[in-house]
Each structure stands twice: as structure tokens, then as C-alpha cells.
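Participant: Got a structure for you, written out below as C-alpha cells; questions coming shortly.
The values are calculated or read from the model by the stated rules, or taken from the named source; none is laboratory data. Just so it is clear, the model here is predicted, and its values are computed rather than measured. Positions of Cβ are backbone-derived with ideal geometry, glycine not excepted, and every protein chain shown enters the neighbour counts. In case anyone asks, the SASA skips ligands and DNA or RNA and just uses the protein heavy atoms, side chains included. Shrake-Rupley method; radii C 1.70, N 1.55, O 1.52, S 1.80 Å.
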Amino acid sequence: MLDETGSPAPARVDMGSWVCPMPLRDSPNIVMGHGGGGAMSGELIEHLFLPAFGSAAEAGFGDSAVVSLGGARLAFTTDSFVVKPMEFPGGSIGELAVNGTVNDLAMSGARPMVLSTAFILEEGTALADIARIAAAMGTAALGAEVKLVTGDTKVVDAGHGDGVYVNTAGIGLIDDGVDIRPQRARPGDVVLVSGEIGLHGVAVLSCREGLEFGTTVCSDTAPLHGLVAAMLATGADVHVLRDPTRGGVAATLNEIAGVAKVGVSLDERKIPVSSQVRDACGLLGLDPLYVANEGKLIAFVAPEDADRVLAAMREHPLGGRAEAIGVCVDEHPGMVVARTALGGNRVVDLPAGEQLPRIC
Amino acid sequence: MKYLDEFSDPQLAKGLLDRIRGATSRRWSIMEVCGGQTHSIIRHGIDQLLPDQIEMIHGPGCPVCVTPLEVIDKALEIAARPGVIFCSFGDMLRVPGSNKDLFRVKSEGGDVRVVYSPLDALELARANPDRQVVFFGIGFETTAPANAMTVYQAKRLGVRNFSLLVSHVLVPPAIAAIMESPDCRVQGFLAAGHVCTVMGTGEYPPLAEKYRVPVVVTGFEPLDILEGIRRTVMQLEAGRHEVENAYPRAVAAAGNPAAKAMLEDVFEVTDRAWRGIGVIPRSGWRLSERYRDYDAEQRFSVDELHTEESSICRSGEVLQGLIKPHECAAFGKQCTPRNPLGATMVSSEGACAAYYLYRRLDLPAEVAHA
């Protein structure tokens, strides 16, 4: 139906009929976004778990709880791993389970000492798969200089688990004088990242559903306690350490900004992103700032010490691409703002739930 | 993969901005049709860097935004049925229907799966012959060829347990509708590069001529968008109204003949409702008679749904470029990406979500921190 000019017939747009949907009511059930490491995860913890647990609220919002026992200061943490597929370029759920917990301890400035592990295995899973995962855990523990000292195994009916779920908990020792936690972020701090971001998330995505990006992107899973030790050995005043796992760098910086009530100002040009990750994210409509990492850390360091810490990071094998990506500011407390490569500004918000690939 | 960094170069961007500034003598309002362009403009802060006289108006081209509530409700109804595997691109899962979204259906036991290609859904159908597999076929001319190909393949392979829930929409009739609106302020268009990659540029000269409006086919990287704006401004300043292709690395005048042939075989043009706008005649596709058996609406008989809309959301006006997102009283208060009233807040490509996510610092404090 074209008119005399060949144009499609014009619509009669009725202003009065313009409509919008009803509000989305909060779900009474768990939805995937509750595990995404963003706003929904935070609300689940704040409004459901912490009120129920009471004492847990005192532990703060770091990656580990810091407790004093028998005169020693200990970092204590636990994490569960449900990654699908179980094996991906650069690692498996086994390495993740060890390195993830080691890193949570290291982000309190602790020296990781011992780990526990628990397996929830699905009926029918091949023993050969479990053996490879267990071997990967042993190798990772050796590399991270921790001991796996206790554990548990449960089996669930076929169809009630994705092959293997792994939980690890860990204990580390914190040296005297070390006080690293999100609350210590303060205006003037320099924000450092230890290397290229987004590798783990893209690596896992790339082996799901047959997605291929032309180049294999490998997960960055690695234990970061050695890098942390090198940073602390400079004698610098390191205020905050976090490993930006679920929710990526964006979620981590938002959490720190929120807890410390400071603003964070990023320079987008300084954020290291490999071309493979940039391209894969471009293809899927994802933002590398929101993609998960498993071998990177974010540090907030006193300005006078930042160059020294950055140099120490770059000398370490896991910090060769470390960069100063921004500063902590008085303005916009609780918010993260990025200066774009072209010179504009944008807010970098907490992800609402799971980051979803766009339709086109 | 090349062609990303090259089109984000800050020095080249500065050069283009200088040329836009130098060419601009008065106020101009330019609409970027596509949500991907809106996302890129706000994400890179391009609107902040343009001269004050250039106003970018955000168009209706977000496939998630314009999918009608009734279709979303049909998707939810089908996805909740036992024996159904409901497949969708990821960003449709968070779009609210009348009272829930696909994530909620999934949490209540529905088998809802994110796929990255409709052909994956067809594979699922072949692997699960005892289940009905439905793919949510939404979007513009960009996504339609792959969906058409999937239905074609399903028929060719004799896969009977696959169907498509179709809500495809077409860009040129929407441009005509916007220009016909009595409140229209649009003086130039950045046409959506992806759409033209498929359809070519042949549909635009009649529109440019009839409405005396420049149309510049534009890509999605920062330099693409700046070059599109520059060319539009040059035309406006010279009083010209032509169709220009500023995205020649992806767009040929004839488009993609194979994709067009597939579309012509599988789909036929129909009137289509646009969420927030209303019915635009001949602005969408439905399955052609030969493939009607693969229409999920027919297969599942979902005609008796009662849909309810919010009375305070103004996303229709946002989609038409009549107001900016923060000019809606609900923006950032009752309406956020977490709790969206309107589709323009749901999709990250929607103008409201882009403003909320990236631009709160520039908005009035009561909106920014609501």
C-alpha cells in the first residue's frame, strides 16, 4: 500500500492510545538476577540474609570476614561455584573453586592457609570428569600454596544439578598493621586494576551455545595472593582490594563507592581491555566493565603510594598490564562516573541483574 | 575482528566535531532511528560534545521497546505451558508483560531458554521431538532474515514441533508515521545501518522527497554517528533533502538480495501494533500463507488475553521523540531499569534506560537520586 510518491501509507498516530505496561512486581521466587552479583544480589543479602543472621551484619561487606581468634587475626570466607560448562578455555570449575576462595582471602590482605571443599554431584556424571576437576583443584592448591584439609560429598538425583557444584571455604592469616576493607576508600585514592578485564566471562560465554569469536579467549583464573603480597611489600598504604568477579569491575566499584560513601571517577581510555574481549562484547552487546573476571584485582591506594604500587604490580607476572584507571572523589558519593574516550561523561551503574546479550 | 577501534578514534572524533560545529549556523533536530545508535550516543557521551544547536531526538528503533504488551503476554502464556521450551534472545527476558516477565515464568518452572540464534531453537526442537519449541521472533528488518531462514529450514526438514511467535516491525513506515505526526520536530534522520544492510537504501528516497527530510544511513560506532550527523547537518544547512549512505562498509544500495528473497518467501507485510505508539499500517511482517502452520499464535490459541497498561508512563512520547526521558514524571521514581513502567526503560537500548544508566549526573537531582 504505497501512495503516489511510493512511500508507505502514513499512520494515523493516536496520542490517546499511547500506552505502557504495568510495573514489574518483585518476584516472590528466586530469579537468575539474584545470583548476578548486582543490585538484586545485594538486596537479597541486605534484606533477607543479614537480618536473619544478625551477627553476620558485623562482618561488613568485604570478600572475607575478618575475625580475631586466639590472638590471631583471621580472614574467613566461602564461595560456591556453579559455572556451566564445567570446563572452559583456560580452566575448569576446579581451578575456579580454589582460586576464587584464595582471592577472597587475599583481598583482605590475608595469607591464605587452608581450604575446605564440598561437592554436590549429579547422579550420572562421569567419574572421569570429577577426576579431572579434582586434579585441577589439587594443582591449583599447590600453586596457591594452600592446603585442602577437609571436605564433603553429596549426590543429588539426575536432573537436579548441572553435573558438579563445588563449594570451598578458606582461612587466611592477616599480618599486623594490615587493614584492607571497602570502608577505607577515601577521596584522593588512586584506583588501580591489575590487567585486562573481561577475559573469564567472555571465555565462558564463548564455549556456550556454540558461540565462537574467531580467537580463543582464555579465562584469567589465577590466585592473586602473590600479587597482593608484592603490593603490600612496598609498604604502601593500600586501602581497598577487591577481585571483580560477578558483575565485573562496574559492580565492584559501585559496591566500594556505596560502602565508603565516596565517588569514583574513571578514565575509560585507561581501562585495559583486550581486542578479543572488546570485539566479543561488541558482538554480543555486552559492556566489558560488567563482565566477570577471575584473576584480576582492583586496588584503592593512597595517592602518594600509587606509582610505587603500580610499579610493583607490573613487575609481577599477574600484573604486567596493570593500570591506574581512575580516582576516588568527593563528588557524586556512591556513584561511579566514567569519562568516555571521546571526552563525554557517563554513569557506570550497578548492574540490575544478569547482563543480557542484546537482540541485535 | 577489525573496524571497532578504528571507528572510535578520539582525534578523528574531535575533527568531526569541529566540522559539525563549523557547519552549524542554527538549531537542528535530528532523530537517530535505531536504539543501538541511541545507546552509542549516550554511552560515548556524543550528545554532550555536540554543539548546543544540535538536538538528538531518540527514535523508536529498539526492537525490545516496541514489541507490544499483548505479544509479551502471549509469550508469557505460551512459555508457562507444560511441554513447551520457549526460546528467546536474552534481552526479552526482562521485558514486563501485564504482571510478570519471562524470568519470572522461568523461576515458576517454565522452560525458558536464552539462545543466540533462532537456528539453535530449531536444533532444540529436533533434539526434543516430544516437546513444542517456540522462538520469540521479534525485531526489525535486521533480525527477520535469520528468523525467516529458521522457519524455512523447519519446513524443509519436516520439523513439526517448532513455531515462531512473530512480532517483526519495519522501519520506513515508522519514519512516515513520525513525520505525519502533528507534533513532529524531526528535521533529519540517521537511518539504521543494520536495517539497510538487509534492505538496502531503496525505500528511503520517496520518504526523503515526500517529507523533504535528509536521511543519512549511519552505523553504530562513535565516528559513524558523528559522520552521519555531519552529513545531515550539511544537507540541512544547504537546504537539501537526499539519501546518503555514510555506512558503505556494511550497506550496499541493493541490500542483501538473498536475505530479501528469504523474507519475501516466508513473511508477508501486515499492519502491526508498536508498543507505546499504536497500530501503524503495513509496518510489520507475519508468516506468509505457506508457513502459517509455524505461527505460534495459531498453534497455541492465545487470543483471549487481557492486557493492562500503566496510565502514567509516557514512553510512547519518548519513542516518538516528543519528550526526553527525564521529562516523564515517573522517570527515575516509579520507573527504573529494575522496575520499568515502560519498554523504553526495559531494554538497555531504550532511550529511558540509556538516560538512567549513563546520564543521571546531568539530570535534576530529584530525578538523578530518586
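Participant: Excluding ligands, DNA and RNA, what is the solvent-accessible area per residue of region A:65-174 at a probe of 1.4 Å, expressed in Å²?
Facilitator: On a per-residue basis, region A:65-174 sits at 45 Å².
Participant: Could you pull out every residue, at least 5 positions away or on a different chain, whose amide H is within less than 5 Å of the one on B:ILE85? Hs are placed 1.01 Å off N in the peptide plane, and Pro or chain starts have none.
Facilitator: For B:ILE85, whose amide H was placed from the backbone, the distant partners under 5 Å are B:GLN132, B:VAL133, B:VAL134.
Participant: Another question about this same structure. Quick one: with all protein chains in place, what share of the accessible area of the protein assembly as shown is carbon or sulfur, to the nearest percent (1.4 Å probe)?
Facilitator: It is 52 percent, rounded to a whole number.
Participant: Let me ask you something else. Below 14 angstrom from the Cβ of B:ASP265, what's the summed charge of the other residues (Lys, Arg +1; Asp, Glu -1)?
Facilitator: Residues near B:ASP265 contribute +3 overall.
Participant: Shifting gears a bit: Within region B:155-212, which chymotrypsin sites (Phe, Trp or Tyr not before Pro) sit in a loop by DSSP and count at most 13 neighbouring Cβ atoms inside 10 Å?
Facilitator: Answer in residue order: no site qualifies.
Participant: Enumerate the calculated ³J(HN,Hα) couplings along region B:183-190 in order (Karplus 6.51 cos²θ - 1.76 cosθ + 1.60, θ = phi - 60°), each rounded to whole Hz, writing x wherever the residue is Gly or Pro.
Facilitator: Once θ is set to phi - 60°, the couplings for region B:183-190 become 9, 4, 10, 6, 10, x, 10, 8 Hz.
Participant: Return a whole-number percent for the relative contact order of chain B, with Cα pairs under 8 Å and 6 or more residues apart as the contact set.
Facilitator: Dividing the mean separation by the residue count of chain B yields 21 percent.
Participant: Just to check I understand the Karplus step: with θ = phi - 60° and J = 6.51 cos²θ - 1.76 cosθ + 1.60, what whole-Hz values come out for region B:55-63, glycine and proline as x?
Facilitator: Once θ is set to phi - 60°, the couplings for region B:55-63 become 10, 8, 9, 8, x, x, x, 10, x Hz.
Participant: Grab the other residues whose beta carbon is less than 10 angstrom from that of B:GLU55, score K and R as +1, D and E as -1, and report the net. Write down the numbers at each step before the final one.
Facilitator: Details: positive: B:ARG27, B:ARG185, B:LYS324; negative: B:ASP47, B:ASP52.
Net charge around B:GLU55: +1.
Participant: A follow-up question, please. Treating only the Cβ atoms of Lys and Arg (+1) and Asp and Glu (-1) as charged, compute the dipole magnitude of region A:65-174 about its Cα centre; round to the nearest 20 debye.
Facilitator: It comes to approximately 460 debye.
Participant: Here's another thing I want to ask about it. Dividing the Cα convex hull volume of the protein assembly as shown by residue count, how many Å³ per residue is that?
Facilitator: 157 Å³
Participant: Can you list residues whose amide H is under 5 Å from A:VAL329's amide H, if they're 5+ apart or on another chain and H is modeled 1.01 Å from N?
Facilitator: Correct list: A:GLY188, A:GLY263, A:VAL264, A:SER265.
Participant: Averaged per residue, what accessible surface does region B:20-358 expose to a 1.4 Å probe, in Å²?
Facilitator: Numbers: 11140 Å² over 339 residues.
Using a 1.4 Å probe on heavy atoms only, each residue of region B:20-358 averages 33 Å².
Participant: Let me ask something additional. Less than 27 Å apart at the alpha-carbon level, and either on another chain or at least 8 residues along: which lysines does that give for B:LYS14?
Facilitator: A:LYS270, B:LYS2, B:LYS324
Participant: Placing unit charges on C-beta atoms (Lys and Arg positive, Asp and Glu negative, everything else neutral), compute the dipole magnitude of region A:212-360 about its Cα centre in debye, rounded to 20.
Facilitator: Computed about the Cα centre, the dipole is about 180 debye.
Participant: Please report, to one decimal in angstroms, the Kirkwood hydrodynamic radius of chain A built from all distinct Cα-Cα pairs.
Facilitator: Evaluated over chain A, this radius sits at 21.8 Å.
Participant: Can you list residues from other chains, or at least 5 along the same chain, whose modelled amide H is less than 5 Å from the amide H of B:ALA191?
Facilitator: When sequence neighbours closer than 5 places are left aside, the close amide H contacts are B:VAL216, B:VAL217, B:THR218.
Participant: May I pose another question? Apply the a/c threshold of 1.5 to the C-alpha gyration tensor of region A:29-178 and tell me whether it is rounded, prolate or oblate.
Facilitator: oblate
Participant: Using the 4.7 Å Cβ rule, please list in number order the cysteines from chain B without any candidate partner.
Facilitator: So far as the 4.7 Å Cβ criterion goes, B:CYS34, B:CYS87, B:CYS184, B:CYS196, B:CYS328, B:CYS335, B:CYS352 stand without a partner in chain B.
Participant: What list of ³J(HN,Hα) values in whole Hz, one per residue of region B:342-353 in order, does the Karplus curve 6.51 cos²θ - 1.76 cosθ + 1.60 (θ = phi - 60°) give from phi, with Gly and Pro shown as x?
Facilitator: x, 5, 5, 8, 6, 7, 5, 8, x, 4, 5, 5
Participant: Give the whole-number value, in cubic angstrom per residue, of the convex hull volume spanned by the C-alpha atoms of chain B.
Facilitator: Cα convex hull per residue, to the nearest whole number: 140 Å³.
Participant: Still on this structure, please answer the following. Please work out the average accessible area per residue across region A:238-360, using the 1.4 Å probe convention, and give it in Å². Show your work: numbers first, answer last.
Facilitator: On the way: 4110 Å² over 123 residues.
Roughly 33 Å² per residue, with all protein chains present.
Participant: Tell me the total accessible area that B and A bury against each other, 1.4 angstrom probe, in square angstrom rounded to 100.
Facilitator: Roughly 6100 Å² of accessible surface disappears when B and A pair.
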